[in-house]
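Worksheet: the structure to be examined is printed underneath.
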2 protein chains.
Amino acid sequence: MNAPLVSVILSGGAGTRLWPVSREALPKPFMKLGDGRSLLRRTLDRAASLSGDSALVVTNRDYYFLSRDELSDTALTKAGKVRYLLEPAARNTAPAIALATLAVAQTHGEDAQLLVLAADHLITDEAGFGACVAQARALAAEGWLVTFGIAANTPETGFGYIESGKALPHGGYAVQRFVEKPNLERAREFLAAGNYSWNSGMFCFRARDMLAALAEVAPDLLAGARASWAQSQPYAAGADATELHGPTFTALESISVDYAVFEKAKRVAVVPGAFGWSDVGAWPEIAEQFPADADGNRAAGRALFTDSTGCFVHSHGRLVTVLGMKDAVVVDTPDALLVMPKERAQDVKKVVAAVRASGDDKHIFHATVARPWGTYTVLQEGPQFKLKRIEVKPLCSLSLQMHHYRNEHWIVVSGTARVTNGEQVFLLATNESTYIKSGTQHRLENPGTLPLVLIEVQSGQYVGEDDIVRFDDKYGRVAKAV
Amino acid sequence: MNAPLVSVILSGGAGTRLWPVSREALPKPFMKLGDGRSLLRRTLDRAASLSGDSALVVTNRDYYFLSRDELSDTALTKAGKVRYLLEPAARNTAPAIALATLAVAQTHGEDAQLLVLAADHLITDEAGFGACVAQARALAAEGWLVTFGIAANTPETGFGYIESGKALPHGGYAVQRFVEKPNLERAREFLAAGNYSWNSGMFCFRARDMLAALAEVAPDLLAGARASWAQSQPYAAGADATELHGPTFTALESISVDYAVFEKAKRVAVVPGAFGWSDVGAWPEIAEQFPADADGNRAAGRALFTDSTGCFVHSHGRLVTVLGMKDAVVVDTPDALLVMPKERAQDVKKVVAAVRASGDDKHIFHATVARPWGTYTVLQEGPQFKLKRIEVKPLCSLSLQMHHYRNEHWIVVSGTARVTNGEQVFLLATNESTYIKSGTQHRLENPGTLPLVLIEVQSGQYVGEDDIVRFDDKYGRVAKAV
């Protein structure tokens, strides 16, 4: 098989049911599991291990810096083989896959194969998945659009199903039909029938076959996608990214690739497999990733269970104690906590809606806020003062800025800072400090190769984030907020 | 009634079942309820409203500064009418009451009446309680040792009971007998009988009658108490306190006043009442102090309930969300969290034991630690650095000290500090900062009348609390740790 394989990683999952860890500003693909790797990172690692020639991450423009940070430490990135397609808005999977196909056709030719992966799924049996991918590639090489089916082992009502028809070579089947999420009775029938599998939302196909299918069953979408691709530009803030053209992309119909293409196209195959796949859609699936104690309790972080069974605790450093509970889920974050029975895990959306309705912004932001240059965490806030921990990535820099109302004390607790304070530019070593008076232009940079951590104490009449005037910014934010 | 009334406040309740809010270093009497007043403060306010001539707080030496802080802002304290008896160790109520009686007899004469109150109870109907106290005083004036009974309205198995005998004047009854905590069946019998009330642990009597009773039924205890009283000294660190003599006090039998005196003495009366009394012994009783929503959920702090009924949330500022729970209790503190069903509230001790067994110290300390001069809170800690918020009370001062390994940056965020930094002594206003190099003698003082709040960033090879050399300390801690 000589055709190149490009892994297309669709990184758009909001993960509302995984609140309060997954939030709008740092959604599900960035969630870190047991070994510290995010779901996105795991997906890229998986793609790399399948001898993918390169990867294309399709994500919202807002997640570009975050995604690049997550993936910076991978061989594929270091080899310059990870590129980004940046969406101005979410338009479901069909537009994303159409654009990705056009991009791959242009860079790798129409014979190139695309392996479409979701950035927020988990696969524990990587070898098993690799075998399925090999089958799928063989079918794709013969012109099939291939879906990956997950061998159903429970009458799951949360997934769509694929009915397998006639057997094809390479262990695949022609797809008989796609079925929407069934009720329990039908799900049981499917399980009994044996020729149904769950629709995993992962695909493999040649660029030319997807373009042909689009031309046949979704010509408007293809035309719109071509128009958008023609006007898309290299992203100003990153040479490895293409920014999809806003108006034309946003004009595309928001529709899944299943509806738009796979349910209508002719040569559609399914490769059923069992490779420890999970869409980790809700907390119980996350819990499954951690070992259970003798009473079936699981913990990510510090937890003490007393007379409790089947519980799950996600802790962020605090001590979580659970007494006399059965099948309870406790998710602890620095600024918000969720307690529920496991069986209500699908309803976390209701909590998120309640948080939104309460006027809070904890459905959007975490206590730690990611910025292109690193992160900041508000540790404490009071009248006329705010205390932040700031971490600046190596060789990164905050904008040259000025505040009207607040003074800032900076104390370096690790690494070295280069500080612009009015006319002066100087280095600040660990344990050194400086004072930025309000009205003074200043800039904070990390000139080193280790992370720079500093404590900032703000004081003044007003310490809101919007008291900022930017004069120069590496990340194109001069005219924008924060 | 011309005899003076001294309110004796026994402030010793550990409140283990109220973990993680109540901890060894800041136990139940210091817990703050809805209006921000601690249980101890409420008890003093109650005593003051009963036209108490003065109050005597009996507490452990370790809680002296904390107690004084809690009570500093009361008229009784300002009038110099609150004094402290400091115990070197806990010896239950009989020794405490014996010593308090000796103290009152000395300061106010043997005709003075003592009203013994627990610092960790709650009384919502203060007027009703006042009426009972008036009845009790009338009986005490006639030589009775009076207990306060709580009219039983449920077959409670968590309290001892008092059986009323013949009716006395002033609405009281001679005590027929004291009964230990009954099982449910007996508790139901008591409730049906109608002449049983709960033993509240509050008492009223003349000093001379208690001394006489002690002489008759507990002569060893009285002799030991007299010996201890004779050797007790004014407390070096506070003119309003007497430090009970360690060896002689510790030698006293640890026994309750019920066992030692009331069950054996002759003229013992009970005044039964219903005045919204609660010993707030466990979380459900705390919950009762907060209004319920339409679904019976109650909250102290920020909480969002979704599809939940009968739950209670205690939050310390974080957003606590509860989904689909029934009768759950969630107690949130900055460093520890407890989740349990209401019905397990009596078993929080098991959690505390598990915390202790885990090697953690969260059963003893809070994130915010009280010191004679104020408080400190560790906001964040990392390798070779520690971030603290320090609050110094007006006119208070930390010791003159020195650290071998850590440097300290101080930034004043409110109030004014007087700083000794080596040879220099200078004022630091809000928003000013200074740097204390390791090896330099330094002192932090609040010379003003407003609280001083500062952020301290420690950095150095070692930032443990035990890297401290004290040269001079207002609170007698030169030779001791921290």
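The values are calculated or read from the model by the stated rules, or taken from the named source; none is laboratory data. Just so we're clear, the structure is a prediction, and the values are computed from it rather than from any experiment. Cβ atoms come from the backbone with ideal geometry, glycine included; neighbour counts cover every protein chain shown.
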Of (1) crowded, with 16+ Cβ neighbours inside 10 Å; (2) at the interface with another protein chain (Cβ under 9 Å from one of its Cβ atoms); (3) aliphatic (A, V, I, L, M); (4) under 30 Å from residue A:285 (Cβ atoms), residue A:370 satisfies every one except (2)
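Out of the helices (runs of 4 or more DSSP H) lying entirely within the range A:77-195, which hold 1 or more residues that are of a type in the set (D, E, K, R) and in the same structural domain as residue A:214 (by TED's automatic domain parsing)? Explain how you work it out, then say what you get.
Working: elements: A:93-108, A:126-141, A:184-193.
Passing ranges, in order: A:126-141, A:184-193.
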Please enumerate the residues belonging to the range B:349-367 that are more than 7 Å from every other protein chain (Cβ to nearest Cβ), farther than 14 Å from residue B:335 by Cβ and either in contact (Cβ under 8 Å) with a residue 60 or more places away in the chain or assigned to a helix (DSSP H, G or I) (or both). B:349, B:352, B:353, B:356, B:357
Can you tell me which residues in the range A:199-220 are under 30 Å from residue A:157 (Cβ atoms) and without any contact (Cβ under 8 Å) to a residue 60 or more places away in the chain? A:199, A:217
Residue in the range B:6-17 that is nearest to residue B:90 (Cα to Cα), counting only those that are among the aliphatic types (A, V, I, L, M) and at pLDDT 95 or above: B:10
Given (1) under 34 Å from the mean Cα position of the chain (by Cα); (2) surrounded by 15 or more Cβ atoms within 10 Å (Cβ to Cβ); (3) among the hydrophobic types (A, V, I, L, M, F, W, C); (4) more than 16 Å from residue A:371 (Cβ to Cβ), where does residue A:453 come up short, assuming only one miss? (4)
Number of the condition not met by residue A:89 [criteria: (1) of a type in the set (Gly, Ala, Ser); (2) free of Cβ contacts under 8 Å to residues at least 40 places away in the same chain; (3) within 24 Å of residue A:237 (Cα to Cα)]: (2)
Any chance residue B:223 is free of Cβ contacts under 8 Å to residues at least 24 places away in the same chain, part of a helix (DSSP H, G or I) and closer than 30 Å to residue B:473 by Cα: no
For the range B:312-333, give me each residue that is more than 7 Å from chain A (Cβ to nearest Cβ) and out of contact with any Gly (no Cβ under 8 Å at 6 or more places or on another chain). B:312, B:329, B:331, B:333
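For the range B:380-431, how many residues meet the condition of being of a type in the set (S, T, N, Q), farther than 27 Å from residue A:390 by Cα and without any contact (Cβ under 8 Å) to a residue 40 or more places away in the chain? Steps first, answer last, please.
Taking the range B:380-431 first, the residues of a type in the set (S, T, N, Q) are B:380, B:384, B:397, B:399, B:401, B:407, B:414, B:416, B:420-421, B:424, B:430-431.
Now narrow it down to the ones that are farther than 27 Å from residue A:390 by Cα: B:397, B:399, B:401, B:420-421, B:424.
Next, from what is left, pick out any that are without any contact (Cβ under 8 Å) to a residue 40 or more places away in the chain: B:420-421, B:424.
Adding up the residues that qualify gives 3.
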Quick count over the range A:185-222, residues being closer than 20 Å to residue A:106 by Cβ and buried (at least 18 other Cβ atoms within 10 Å of the Cβ), is 14
Here are some conditions: (1) under 24 Å from residue B:126 (Cβ atoms); (2) touching a helix residue (DSSP H, G or I) at 6+ places or on another chain (Cβ under 6 Å). Residue B:43 meets all but one. Which one does it not meet? (2)
Since residue B:56 meets every condition but one in (1) assigned to a helix (DSSP H, G or I); (2) at pLDDT 95 or above, which condition does it not meet? (1)
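Could you check the range A:300-311 and list, in sequence order, the residues that are part of a strand (DSSP E or B) and either within 12 Å of chain B (Cβ to nearest Cβ) or more than 24 Å from residue B:343 (Cα to Cα) (or both)?
Here is the first cut: in the range A:300-311, the residues part of a strand (DSSP E or B) are A:300, A:303-306, A:309.
If the condition is that a residue be part of a strand (DSSP E or B) and either within 12 Å of chain B (Cβ to nearest Cβ) or more than 24 Å from residue B:343 (Cα to Cα) (or both), then A:300, A:303, A:304, A:305, A:306 are the ones that fit.
Please enumerate the residues belonging to the range A:411-450 that are of a type in the set (A, V, I, L, M) and loosely packed, with under 15 Cβ neighbours inside 10 Å.
Going residue by residue through the range A:411-450, those that are of a type in the set (A, V, I, L, M) are A:411-413, A:417, A:419, A:425, A:427-429, A:436, A:444, A:450.
Once the filter is applied, which keeps residues that are of a type in the set (A, V, I, L, M) and loosely packed, with under 15 Cβ neighbours inside 10 Å, the range A:411-450 yields A:425, A:427, A:429, A:450.
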Condition first: surrounded by 22 or more Cβ atoms within 10 Å (Cβ to Cβ) and among the charged types (D, E, K, R). Can you find one or more residues in the range A:58-74 that meet it? yes
Unmet requirement for residue A:20, which otherwise passes all of (1) of a type outside the set (D, E, K, R); (2) surrounded by 23 or more Cβ atoms within 10 Å (Cβ to Cβ); (3) outside any loop (DSSP other than H, G, I, E, B): (3)
Assuming residue B:352 fulfils every condition listed in (1) at positive phi; (2) out of contact with any Cys (no Cβ under 7 Å at 6 or more places or on another chain); (3) buried (at least 20 other Cβ atoms within 10 Å of the Cβ); (4) of a type outside the set (Lys, Arg) apart from one, which condition is it? (1)
Could you tell me which numbered condition residue B:343 fails, if it satisfies all but one of (1) in a helix (DSSP H, G or I); (2) within 16 Å of residue B:22 (Cα to Cα); (3) without any contact (Cβ under 8 Å) to a residue 40 or more places away in the chain? (2)
